[in-house]
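Each value in this text was obtained by applying a stated rule to the coordinates, not by laboratory testing. Everything numeric in this text was worked out from a predicted model, so none of it was measured. In this analysis, Cβ positions are derived from the backbone assuming ideal geometry, glycine residues included, and neighbour counts consider all displayed protein chains.
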């Protein structure tokens, strides 16, 4: 009996020492963070604007955090699979994710979400606020939104649009536009903007929503054209592309993109990441990369506090939009 009691006491003491050591290790890692490579999870396929931004950030951040950042794509579920992976990872600052508004605003309102899009997340920084453009093949018979609407009304249900992340922000923009225009179009879902662009080029869809960065190389090559943009003002890089509002359709929606982490992440590490990411944003090399890949006009910095407010506000603002379209879960 005494021997058994002694074994139990030793086991308890060992467990206590292990917990103490673990606590000490965590405290030390917070002070020396980061001490190993970090992973940045992109919730969409490679080639889209979120992926392009993530890779641009990852290429510059070693300057300011002394460790490499590896980009990993985990697409699916309109972005929810990648987001859920990050939120269920160890909140130690070594697994971060790219922010795209859909998985945190509209998708949880249209689908069952395994996470709370606000309470479970800390939005560390925002890098871009991207316009959403309606694009078509360059040889399409339409030159503006009114041309498209006229054809869609003459052929209800026959025109097809490609959409990445069904239930996401770009999907809500397109559905809002359809409702405002009073047209019936079919939707084919894709996993990224690059897939939508490929579908347009291949003639698999008639039109699709893309960010300027996703459309840039194709517009420059003369293979795609933009009929309109769901923005408050015309884009500086595409001054001839009219806004939807100018063409008679009151649709104004933009997509924020940045970096997020699990809400349980040590505030000291959050602060370190926020400061490092701001340096990345202001880095001349990063700005040059952003311009080269078409993200230049979309650059829009928000710190952690402003990012939290913006995403929370967007989530609340999207609720009535989703309900009015009859797309709520």
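Any idea how far the Cα center of the range 171-230 sits from the one of the range 76-131, in Å?
So the two Cα centres are separated by 23 Å.
Given an 8 Å cut-off on Cα distances and at least 6 residues of separation, report the relative contact order of the range 133-229 as a percent.
Dividing the mean separation by the residue count of the range 133-229 yields 46 percent.
Of the DSSP beta bridges with both residues in the range 133-229, give the percent that are antiparallel, rounding to the nearest 5.
Here the antiparallel bridges make up roughly 55 percent for the range 133-229.
Give the peptides 97-105, 209-217, 55-63 in descending order of average Cβ contacts within 10 Å, highest first.
Put in order of decreasing packing, that is 97-105, 209-217, 55-63.
Got the relative contact order for the range 25-144 handy, in percent, Cα pairs under 8 Å and 6 or more residues apart?
25
Kindly identify the range 89-182 as rounded, prolate or oblate by the Cα gyration tensor criterion: order the square roots of the eigenvalues as a ≥ b ≥ c, call it rounded if a/c is under 1.5, otherwise compare a/b with b/c, prolate if a/b is larger, else oblate.
prolate
Suppose a student asked you for the relative contact order of the chain, using Cα pairs under 8 Å spaced at least 6 residues apart; what percent would you report?
26
Indicate the gyration tensor shape class of the range 51-93 (rounded, prolate or oblate), computed on the Cα atoms with a ≥ b ≥ c the square roots of the eigenvalues: a/c under 1.5 is rounded; otherwise a/b larger than b/c is prolate and the rest oblate.
Oblate, because a/c is 1.5 or more while a/b does not exceed b/c.
Evaluate E = 1/(1 + (r/R0)^6) for residue 306 and residue 118, where r is the Cβ-Cβ distance and R0 equals 22 Å; express this FRET efficiency to the nearest 0.05.
Working from the Cβ atoms, E equals 0.90.
I need the shape label for the range 27-139. Rule: rounded when a/c is under 1.5, else prolate if a/b > b/c, else oblate, with a, b, c from the alpha carbon gyration tensor.
Oblate, since a/c reaches 1.5 and b/c is not below a/b.
Where does the range 133-229 land on Rg(C-alpha)/(2.2 N^0.38 Å)?
Relative to the rule-of-thumb radius for its length, the range 133-229 sits at 0.96.
Which of 88, 220, 279 ends up with the largest GNM mean-square fluctuation for the chain, with Cα atoms connected below 10 Å?
220
Please figure out what share of the DSSP beta bridges in the chain is antiparallel and state it in percent, rounded to the nearest 5.
Rounded to the nearest five, the antiparallel share is 60 percent.
Taking the number of other C-beta atoms within 10 Å as the exposure measure, put 285, 31 in order starting with the fewest.
With the fewest neighbours first, 285, 31 line up as 31, 285.
Return the calculated 222 nm mean residue ellipticity for the chain, to the nearest 500 deg cm²/dmol, obtained by summing -39500 (n - 2.57) across DSSP H runs with n ≥ 4 and dividing by the residue count.
About -14000 deg cm²/dmol.
Can you tell me the order of 315-325, 229-239 when each peptide is scored by its average per-residue count of other Cβ atoms within 10 angstrom, highest first?
With the highest mean Cβ count within 10 Å placed first, the list reads 229-239, 315-325.
What is the pair-distance distribution P(r) of the chain, computed from all Cα-Cα distances in 20 Å bins starting at 0, with each bin given as a whole percent?
Cα pair-distance distribution for the chain, in percent: 31, 50, 14, 4, 1.
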